[in-house]
1. Does region 55-85 hold any residues that are touching a residue at least 60 places away in the same chain (Cβ under 8 Å), touching a helix residue (DSSP H, G or I) at 6+ places or on another chain (Cβ under 7 Å) and either within 23 Å of residue 115 (Cα to Cα) or surrounded by 14 or more Cβ atoms within 10 Å (Cβ to Cβ) (or both), and which are they?
2. Return the only residue of 82, 72 being in a loop (DSSP other than H, G, I, E, B) and modelled with pLDDT under 95.
3. Examine region 108-117 for a residue that is buried (at least 17 other Cβ atoms within 10 Å of the Cβ), out of contact with any Gly (no Cβ under 6 Å at 6 or more places or on another chain) and either charged (D, E, K, R) or modelled with pLDDT under 70 (or both), and state whether such a residue exists.
4. Mind telling me which of the residues 120, 96, 152 ends up being within 18 Å of the chain's Cα centre (by Cα) and crowded, with 21+ Cβ neighbours inside 10 Å?
5. What is the residue count in region 35-54 for residues that are modelled with pLDDT of 90 or more, part of a helix (DSSP H, G or I) and buried (at least 16 other Cβ atoms within 10 Å of the Cβ)?
6. Would you confirm whether any residue within region 88-107 is among the charged types (D, E, K, R) and over 30 Å from residue 54 (Cβ atoms)?
7. Just wondering, is there one or more residues in region 66-83 that are more than 28 Å from residue 207 (Cα to Cα) and of a type in the set (A, V, I, L, M, F, W, C)?
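The values are calculated or read from the model by the stated rules, or taken from the named source; none is laboratory data. Only a predicted model underlies this, so the values are computations on that prediction, with no experimental measurement involved. Using ideal geometry, Cβ is built from the backbone for each residue, glycine included, and neighbour counts are taken over all protein chains shown.
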Amino acid sequence: MNRAHRRITFLVVCAILIVTSPSSQMAAQSGTAITDPDAYAVYRAAFALPGFTDFRNSIDGIALLDETRFEECAVNPNTPAEWLQLLSDFRAQNATARTYMPAMLDLGVPVELVPLATVTALLKSVGFGTPGIVRGGWGEAYDGFPQRTLLTFSAVGFNADKSLAMITVARDCGLSGEGRRIASGDCHRFNTFMMRREQGQWIPAHGPLARQCIGVA
């Protein structure tokens, strides 16, 4: 099974990637809504990066899965300790799906929160899981979303003093290699964003994890 297939299957069956990780200094709020204002500040800062320009310029806003998902990645064991601490909390915060407080989720554009059940129904309506129906038609499931794309955020991980943050953002827009692309790259793409707080503002942090955790799911 290729990676793109695994990504769609991952969404449809609501399989949360549970990772066995080192103990975190900050306990995950398992199964709860995200209420930390710092997390929402990180979402907004990441969404303001150049890779999301088309989404910010869309008058229709964005479609966002209404619960978190995250992408795991292989990490070099020689990664500096402060970054491993950040990764540990990121894994802890994502040990189970989280939901959003809509009033706190201000990305500067309209946000449509899409239930997983809706995604499942849309994929099934275009043949996902039906014997004899190949992947060529599944992309139609995304046609009703702004930019023909569904975004998925992870929960935000922080280091101990909240000077560093980490999130992943996944983009699903149909099928890789089927002529369905988004401006920033192929479908099923996920990016890991490392952010650093400077003078109260979150800006990109070019740490080692960002180089290790990027790809096409």
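1. Residues satisfying the conditions are 55, 58, 60, 61, 62, 63, 65, 73, 75, 79, 83.
2. Working: 82 fails: in a loop (DSSP other than H, G, I, E, B).
72 is the lone residue from the list that is in a loop (DSSP other than H, G, I, E, B) and modelled with pLDDT under 95.
3. Scanning region 108-117, I find no residue that is buried (at least 17 other Cβ atoms within 10 Å of the Cβ), out of contact with any Gly (no Cβ under 6 Å at 6 or more places or on another chain) and either charged (D, E, K, R) or modelled with pLDDT under 70 (or both), so the answer is no.
4. Details: 120 fails: crowded, with 21+ Cβ neighbours inside 10 Å; 96 fails: crowded, with 21+ Cβ neighbours inside 10 Å.
So the residue among 120, 96, 152 that is within 18 Å of the chain's Cα centre (by Cα) and crowded, with 21+ Cβ neighbours inside 10 Å is 152.
5. At the first step, the residues of region 35-54 found to be modelled with pLDDT of 90 or more are 35-49.
Cutting the leftovers down to part of a helix (DSSP H, G or I) gives us 37-47.
Next, from what is left, pick out any that are buried (at least 16 other Cβ atoms within 10 Å of the Cβ): 39-43, 45-47.
Count: 8.
6. Applying the first criterion (among the charged types (D, E, K, R)) to region 88-107 yields 89, 91, 98, 106.
Next, only the ones that are over 30 Å from residue 54 (Cβ atoms) stay: 89, 91.
Yes.
7. Here is the first cut: in region 66-83, the residues more than 28 Å from residue 207 (Cα to Cα) are 66.
Pick out the ones that are also of a type in the set (A, V, I, L, M, F, W, C) and you get none.
No - not one qualifying residue is present in region 66-83.
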